[in-house]
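The structure appears below as structure tokens.
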Amino acid sequence: MLAVWVLIAVGGTLAGLLTARAADDVFAQQRAERTPVRAVLLTGAPRAESKSYRALVKVRWTLADGSTRTGTTLVDGGQKAGSTVMLWTNTQGNPTTQPPSGTDAAVEAGFFGAASALAVTGLTFGAGGAARWWLNRRRIDQWDSEWDLVGPRWGHKTG
């Protein structure tokens, strides 16, 4: 049991820290590679009753090298053709999602780290429980074998 608790403490902590660090590195890379550009709507977005309504519309944007691209992106409903929206692009100039801010990335990396630590803890605890069950089963079988040898000697009464 001591080995299980040491593995839980050390393994869970290590897994959590490594996962959080890896996630934070990925988010930092996304922030470095993705850039915002202004895009012009080529088609309008229909208006809807819901404020959270988003429509897929055709847009045109210009990259830093001066080349122009067209594609589709989601915008809030009710926007008219010709209006501008902010569009995030990757290193190839294709539309992508906005990278998480430093704070959002830290929180998300923390959640990933905690989930990883809990997963290692659960697996270790389960493996320890299975090992304990197997050892107890083996010990009971050994006691049963010993009882078969010693038990008949106790059955005779002395006089």
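The values are calculated or read from the model by the stated rules, or taken from the named source; none is laboratory data. All values derive from a computational prediction rather than experimental measurement. Methodologically, a virtual Cβ is constructed for each residue, glycine included, from the backbone with ideal geometry; neighbour enumeration extends over all protein chains shown. For the accessible areas, the whole protein counts, side chains as well, though only heavy atoms, and no ligand, DNA or RNA atoms are used. Shrake-Rupley method; radii C 1.70, N 1.55, O 1.52, S 1.80 Å.
Quick rundown of the values:
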{"item": "Matching entry among Leu56, Leu135 (being without any contact (Cβ under 8 Å) to a residue 24 or more places away in the chain, farther than 30 Å from Gly12 by Cβ, loosely packed, with under 12 Cβ neighbours inside 10 Å and aliphatic (A, V, I, L, M))", "result": "Leu56"}
{"item": "In the stretch 80-92, residue farthest from Ala28 (Cα to Cα) [restricted to those that are of a type outside the set (A, V, I, L, M) and touching a strand residue (DSSP E or B) at 6+ places or on another chain (Cβ under 6 Å)]", "result": "Ser83"}
{"item": "Test result for Thr19, open to solvent by less than 50 Å² (accessible area, probe 1.4 Å) and either touching a helix residue (DSSP H, G or I) at 6+ places or on another chain (Cβ under 8 Å) or over 24 Å from Gln92 (Cα atoms) (or both)", "result": "yes"}
{"item": "So Arg69, is it in a strand (DSSP E or B), touching a Phe, Trp or Tyr at 6+ places or on another chain (Cβ under 9 Å) and without any contact (Cβ under 8 Å) to a residue 40 or more places away in the chain", "result": "yes"}
{"item": "Total residues in the stretch 1-21, condition aliphatic (A, V, I, L, M), part of a helix (DSSP H, G or I) and in contact with a Gly (Cβ under 9 Å, 6 or more places away or on another chain)", "result": "8"}
{"item": "Residue within the stretch 88-107 that is in contact (Cβ under 8 Å) with a residue 60 or more places away in the chain, under 30 Å from Leu7 (Cα atoms) and within 30 Å of the chain's Cα centre (by Cα) present", "result": "yes"}
{"item": "Cβ pairs under 9 Å, 6+ apart, first in the stretch 117-129 and at positive phi, second open to solvent by 50 Å² or more (accessible area, probe 1.4 Å)", "result": "none"}
